[in-house]
Each structure stands twice: as structure tokens, then as C-alpha cells.
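Enquirer: The following block contains the structure, expressed as C-alpha cells.
The values are calculated or read from the model by the stated rules, or taken from the named source; none is laboratory data. Just so we're clear, the structure is a prediction, and the values are computed from it rather than from any experiment. When we count neighbours, we look across all protein chains shown, and the Cβ atoms used for this are built from the backbone with ideal geometry, even at glycine.
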């Protein structure tokens, strides 16, 4: 990686090694393969999937974060990593057992681990149980490290909102992985040219329900309609959605008012 590109991003390289999704002008379908890094030696044994309900106990603890390239000890090759622009954190929301309703939403949210490189992303993602194998109701959440808690009231979330897309059963695994790669790979536009400002995209979630799965993309500034439309259009392109796909935008303020992340009936996406 050259000295002029301090992080790995779709904006920093014409052809990203992180995403095998073509540029926004492409018409590639959502099934386009997403390639994992090939730095692991071929002789490295495949780690079996953990029997944990949510993630392998062998992944880093919730307090661990990638800090960048790490030099090995004497005689040990150094570990080379591809840094991302931001540090991201995986969370999950524990499903409610029958008759055990969680009164406070935050009580059910658990931090899994943070990552800041392509390699650590794939290490974590491949150890998480896929959405299709989760018990309703369970949520996966991915937010950048500047967001203290993945809730409406967080200082970076409170002035924003989210695009919501409802999925039929059977497609969540592919859609979720594609969305994750687009979010951490900077596929979505930023509202501010100032690099010191927080990212416009706060994070994304998937909510596994009994008869459907729901994904959402959270952004920081709800009031900027043009930014919202660009995020919608990017989401549609990245996932290869048909033009008439129904989506809904809901502000976090509205969610706080009606205490609901998703309205009962979605509305047509803004045009």
C-alpha cells in the first residue's frame, strides 16, 4: 500500500480488492461475488464453525480492536493488514425468550468485537452465525466506533435516520454480506468533504423476524434530502435492486416518538 493511501477504501483505489462489486455505474447483480483476502497460506487448516449461538469464542474479545500493521517477533514474519478508513464494531441483540420481554432495548444489545482492517473484518464475519440460522427475533448491528451505542439516542444517531428494506426469507445471507462490504468499504457517499467529520453512514442492521428479514442503513443527517436520496440510490445499486423496490426512510426522531424502528406498512421509496 502506498504512503499516499493510509486506508483501504473504494474511494482510494479504482479497482478495490475488498469489494468485487463494480462501480455505481455498473449493472452487476447483487449476486456478484465478494472476495475474501487471500493472504492466508493454503496450508492453514480451516477452522470449524463454532457451536456458539452467535459467534465463535475464539474471536477477539469485545475490548479488542485492530490497531494497524503488526510486526512479528524475531524470526517471525510480520502480519500485513489492509487498514480500513474507520474502525467498525459488530453488535448483536439477544432474542427474547417466550414470556421474557426485554423492557429496555439496550439491555439486549451485546458488543461482539471491533475491527479496522479487511483481514479482521473477514475473521469476524466468517465466525458469526449467518442470519438464516438465527432464531427470530435477533438483530445483527454494525456501527462505526464513533457511535457509542447502536441506538436512536446516541449523539451521532439522534439527528439521522435509516433506509429500511424488507426481505423475503431465503436471501438475507447474501444481501447482508454484500451490504456489510459496501458499508465498511466506503461505497456510500459522505455528506461532508471534511475528513475530520464523522462518517455520514453510521452503520447498518439486519433484523431476523418470523416471516421476513429487515435490513436498514443508518445515516447521520436526516434533514439533507439529497444525501438521503444518494444513499438510497447507492443501496439500490449495490444490492442490484429493481427500480420499483419498496423502501422506507424513517427518522430516528420518529422512532423515538412511536418507539418503533419499523412502521407496520412500508411506503414507496422516494424518487
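Enquirer: Taking the criterion of being touching a helix residue (DSSP H, G or I) at 6+ places or on another chain (Cβ under 7 Å), part of a helix (DSSP H, G or I) and buried (at least 19 other Cβ atoms within 10 Å of the Cβ), would at least one residue in the range 209-223 satisfy it?
Expert: For the range 209-223, residues touching a helix residue (DSSP H, G or I) at 6+ places or on another chain (Cβ under 7 Å), part of a helix (DSSP H, G or I) and buried (at least 19 other Cβ atoms within 10 Å of the Cβ): absent.
Enquirer: Across the range 161-186, which residue is surrounded by the fewest Cβ atoms within 10 Å (Cβ to Cβ) among those that are touching a residue at least 60 places away in the same chain (Cβ under 8 Å) and out of contact with any strand residue (DSSP E or B) (no Cβ under 9 Å at 6 or more places or on another chain)?
Expert: Here the answer is 177.
Enquirer: Looking at the range 169-192, which of its residues are over 26 Å from residue 120 (Cβ atoms) and at pLDDT 95 or above?
Expert: Hits for the range 169-192 are 169, 170, 171.
Enquirer: Does at least one position in the range 88-96 carry a residue that is in a strand (DSSP E or B), touching a helix residue (DSSP H, G or I) at 6+ places or on another chain (Cβ under 8 Å), closer than 19 Å to residue 176 by Cα and modelled with pLDDT of 95 or more?
Expert: So far as the range 88-96 goes, yes, one or more of its residues are in a strand (DSSP E or B), touching a helix residue (DSSP H, G or I) at 6+ places or on another chain (Cβ under 8 Å), closer than 19 Å to residue 176 by Cα and modelled with pLDDT of 95 or more.
Enquirer: For the subset of the range 63-87 comprising residues that are touching a helix residue (DSSP H, G or I) at 6+ places or on another chain (Cβ under 7 Å) and modelled with pLDDT of 90 or more, which member is surrounded by the fewest Cβ atoms within 10 Å (Cβ to Cβ)?
Expert: If we take residues in the range 63-87 being touching a helix residue (DSSP H, G or I) at 6+ places or on another chain (Cβ under 7 Å) and modelled with pLDDT of 90 or more, then 82 is surrounded by the fewest Cβ atoms within 10 Å (Cβ to Cβ).
Enquirer: For residue 235, state whether it is in a loop (DSSP other than H, G, I, E, B) and either surrounded by 15 or more Cβ atoms within 10 Å (Cβ to Cβ) or in contact with a helix residue (DSSP H, G or I) (Cβ under 6 Å, 6 or more places away or on another chain) (or both). It would help to see each step written out before you state the result.
Expert: Details: in a loop (DSSP other than H, G, I, E, B): no; either surrounded by 15 or more Cβ atoms within 10 Å (Cβ to Cβ) or in contact with a helix residue (DSSP H, G or I) (Cβ under 6 Å, 6 or more places away or on another chain) (or both): yes.
Judged against the criteria, residue 235 is not a match.
Enquirer: Kindly indicate whether residue 178 is in a helix (DSSP H, G or I) and within 12 Å of the chain's Cα centre (by Cα).
Expert: Answer is yes for this residue.
Enquirer: Further, regarding this structure: In the range 113-159, what residues are within 20 Å of residue 172 (Cα to Cα) and part of a strand (DSSP E or B)?
Expert: Result: 128, 138, 139, 140, 141, 142, 143.
Enquirer: Could you look through the range 195-208, keep only residues that are in a loop (DSSP other than H, G, I, E, B) and touching a residue at least 40 places away in the same chain (Cβ under 8 Å), and pick out the one that is surrounded by the most Cβ atoms within 10 Å (Cβ to Cβ)? First the steps, then the outcome.
Expert: The initial filter retains those residues of the range 195-208 that are in a loop (DSSP other than H, G, I, E, B), namely 195-200.
Pick out the ones that are also touching a residue at least 40 places away in the same chain (Cβ under 8 Å) and you get 198-199.
Values: 198: 17, 199: 23.
Filtering first and then ranking leaves 199.
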